[in-house]
1. What FRET efficiency would be calculated for the residue pair ASP48, GLU79, taking the C-beta separation as r and a Förster radius of 25 Å, to the nearest 0.05?
2. Would you work out what percent of the accessible area of the chain, with all protein chains in place, is carbon or sulfur (probe 1.4 Å)?
3. Where both residues lie in the chain, what percent of DSSP beta bridges are antiparallel, nearest 5?
4. Tell me, what is the percent relative contact order of the chain, built from C-alpha pairs under 8 Å that lie six or more residues apart?
5. What number do you get for the chain when its Cα radius of gyration is normalised by 2.2 N^0.38 Å, N = residues?
6. List the residues whose amide H sits under 5 Å from the amide H of LEU31, counting only those 5 or more places along or on another chain, with H placed 1.01 Å from N in the peptide plane.
7. Helix 12-22 versus the longest principal axis of the chain: what is the Cα-based angle in degrees, 0 to 90, to the nearest 10?
8. Probe of 1.4 angstrom, ligands and nucleic acids ignored: what's the accessible area per residue over the chain, in square angstrom?
Amino acid sequence: MTAVVIAPAHLIRNWENEIHRFVQKENAQALTVHIVKGLKPYTLPKADIYLMHYLLLRGWKTYLPDAGLKYVVFDEIQELRHSGTE
């Protein structure tokens, strides 16, 4: 599984905690989670799930389509409708 969860900044740590609490791989290993930081893209470490907040999307918008992600989850997607959203 390679997924990215886009959420409001104040919910990122909550997502991380809930993933570790409720989601497991089939072989019972813990999922690896990486919290993306900063507007400037960097080589992402290998992880099962990446967490990122909405404000970072503008810096990562050209990188993410080619990142090989299978799933994208938008928590509180109404954040994309704000004026000035790219």
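1. On the way: r = 24 Å, r/R0 = 0.95.
E between ASP48 and GLU79, to the nearest 0.05, is 0.55.
2. Details: 3180 of 5980 Å².
Carbon with sulfur: 53 percent of the solvent-accessible area.
3. Values: 1 of 13 bridges.
So the antiparallel bridges in the chain amount to around 10 percent.
4. Working: 114 pairs, mean separation 38.3, N = 86.
Once normalised by length, the contact order is 45 percent.
5. Details: Rg = 13.0 Å, N = 86, 2.2 N^0.38 = 12.0 Å.
Dividing the Cα Rg of the chain by 2.2 N^0.38 Å gives 1.09.
6. LYS25
7. Helix 12-22 sits at roughly 20 degrees to that axis.
8. Numbers: 5980 Å² over 86 residues.
On a per-residue basis, 70 Å².
The values are calculated or read from the model by the stated rules, or taken from the named source; none is laboratory data. The shown structure was predicted, so the numbers you read here are calculated from the model rather than taken from an experiment. Cβ coordinates were reconstructed from backbone atoms using ideal geometry, including for glycine residues, and neighbour counts include every protein chain displayed. With ligands, DNA and RNA removed, areas are computed over all heavy atoms of the protein, side chains included. Shrake-Rupley method; radii C 1.70, N 1.55, O 1.52, S 1.80 Å.
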